[in-house]
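The values are calculated or read from the model by the stated rules, or taken from the named source; none is laboratory data. It should be emphasised that the depicted structure is a prediction, and the values quoted were computed from it without experimental measurement. In this analysis, Cβ positions are derived from the backbone assuming ideal geometry, glycine residues included, and neighbour counts consider all displayed protein chains. Accessible surface is based on the protein model in full, side chains and every heavy atom, while ligands, DNA and RNA are left aside. Shrake-Rupley method; radii C 1.70, N 1.55, O 1.52, S 1.80 Å.
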Amino acid sequence: MASTRDQAAQVRLANPHLQDDRHDVLYHIGLDSRKHDFKAMFGDTKVVCMGGSSNRMKRLAEDLVAELGIRLPTGQGLVNVIPNTDRYVMYKAGPIVCVNHGMGIPSISILLHELAKLMSLAGATGVTFIRLGTCGGLGLEPGTVCISSRSLNSQLQSHLSQFILGQPVQREAVFDSDLARELLQLASGLNIEAVSAATLCTSDFYEEQGRTDGAICEFSMEQRNEFLQRAFEAGVRNIEMESLALAAITHRLGIRAACMAVTLLDRFKQDQVQLDHSLIAQFEGRMLRILAAFIRSRNICG
Ligand code: R2B
Ligand code: URA
């Protein structure tokens, strides 16, 4: 359970160039502090939920409204609160924000910079960021929910590497261990198959994840299997494409964050995702139930 200090904590940016009373344009999410009242729109935010696709985030917001009995402003319903951009969509249901992050590290990292600035300017307190995604599993039944303890890059190192002003910068990619444990316990209470382990995060779905079915493949089946086994031995149980940036940026800013992703296949057995969409939706429903239980435990929806 979050401490009273955590609940009162505001998002603190790590940028001495930014003044608190500045005018700021959050370009990719189509918000401008001169045109939008960030405090009125987002000051009460407690949980920011993220996932890849825009439709899935709309459905998640609708499902949370139904599941948690959240009352929406009369006559308004659930609307995309960032209609000025088509890069991302964002729905707000009470203190819960649902926003899509697209695919890959660059897309989620742009969003995370702007979300952190938004939460800071809005004066939101005790905010938790949670990604709900899909992934490939290692030695797990499809449908298993993986809760990341930390994220490893394609060299199996637990940091995000960037080139800033032409120089290499490494940022530790770890998640809040209390939050990961709490989500795992909630999953267990709901009889949902879940594990907490390291997540491999790559910048490509095909070659970097050791798939032999991309348009290009220059390694053998043996090399593929050896890489997946090496990842498994390093503690990896799932593979996806955003956790590294989520872990590194939130850890640097002191924002409590978690990454849950449901496995669509066991990568020891296959490369192609062959599940039909109704089964994927059913698997994603498992994460919704864990998330709803988490939000309920926080008593934040009135
Ligand atoms: C999981 O699924 C997507 C690729 O299919 C990517 O966004 C991810 O992390
Ligand atoms: N998403 C990924 O990044 N990899 C998978 O194998 C499945 C979903």
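List of remarks:
- Criterion violated by ALA116 - all others in (1) more than 17 Å from the chain's Cα centre (by Cα); (2) closer than 20 Å to ARG12 by Cβ satisfied: (1)
- Some residue of the range 108-129 being open to solvent by less than 10 Å² (accessible area, probe 1.4 Å), touching an Asp or Glu at 6+ places or on another chain (Cβ under 9 Å), part of a strand (DSSP E or B) and more than 16 Å from ligand 2 (Cβ to nearest atom): yes
- For the range 119-151, taking the residues that are more than 14 Å from ligand 1 (Cβ to nearest atom) and within 11 Å of the chain's Cα centre (by Cα), the one that is farthest from TYR91 (Cα to Cα) is identified as ILE147.
- Taken over the range 146-188, the criterion of being among the hydrophobic types (A, V, I, L, M, F, W, C) and farther than 25 Å from LEU115 by Cα is satisfied by LEU156, LEU184, LEU186, ALA187.
- Any chance ASP204 is out of contact with any strand residue (DSSP E or B) (no Cβ under 7 Å at 6 or more places or on another chain), farther than 23 Å from MET287 by Cα and near ligand 2 (Cβ under 10 Å from one of its atoms): yes
- Restricting LEU152, LEU132, LEU184, LEU140 to residues that are farther than 20 Å from GLY104 by Cβ, within 16 Å of ligand 2 (Cβ to nearest atom) and in contact with a strand residue (DSSP E or B) (Cβ under 8 Å, 6 or more places away or on another chain) narrows the list to LEU140.
- Test: residue in the range 278-298 that is over 30 Å from ASP44 (Cβ atoms), assigned to a loop (DSSP other than H, G, I, E, B) and in contact (Cβ under 8 Å) with a residue 12 or more places away in the chain: no
- Selection within the range 196-216: residues that are open to solvent by less than 40 Å² (accessible area, probe 1.4 Å) and either of a type in the set (A, V, I, L, M) or without any contact (Cβ under 8 Å) to a residue 24 or more places away in the chain (or both). The member of this set that is farthest from LEU132 (Cα to Cα) is GLY214.
- Test: residue in the range 217-238 that is closer than 23 Å to LEU288 by Cα and buried (at least 23 other Cβ atoms within 10 Å of the Cβ): yes
- Some residue of the range 41-60 being open to solvent by less than 20 Å² (accessible area, probe 1.4 Å), more than 16 Å from ligand 1 (Cβ to nearest atom), assigned to a helix (DSSP H, G or I) and in contact with a strand residue (DSSP E or B) (Cβ under 9 Å, 6 or more places away or on another chain): yes
- Only residues that are open to solvent by less than 60 Å² (accessible area, probe 1.4 Å) and either farther than 21 Å from THR134 by Cβ or within 16 Å of ligand 1 (Cβ to nearest atom) (or both) were counted in the range 167-195, giving 6.
- Here THR144, THR134 are screened, and the one residue that is under 23 Å from ALA198 (Cα atoms), open to solvent by less than 30 Å² (accessible area, probe 1.4 Å) and touching a residue at least 60 places away in the same chain (Cβ under 8 Å) is THR144.
- Single match in ALA292, ALA261 (criterion: in contact with a Gly (Cβ under 6 Å, 6 or more places away or on another chain) and open to solvent by less than 40 Å² (accessible area, probe 1.4 Å)): ALA261
- When residues in the range 11-27 are screened for being loosely packed, with under 15 Cβ neighbours inside 10 Å and within 26 Å of ALA247 (Cβ to Cβ), 7 of them pass.
- Contact map, the range 228-253: first residue within 26 Å of ASN15 (Cα to Cα) and modelled with pLDDT of 95 or more, second residue surrounded by 21 or more Cβ atoms within 10 Å (Cβ to Cβ) and charged (D, E, K, R), Cβ cut-off under 8 Å, separation 6 or more or different chains; pairs are GLU242/ARG131; SER243/ARG131; LEU246/ARG131; ALA247/ARG150.
- Filter result (part of a strand (DSSP E or B) and among the small types (Gly, Ala, Ser)) within the range 135-186: GLY136, GLY137, SER148, SER149, SER151, SER161
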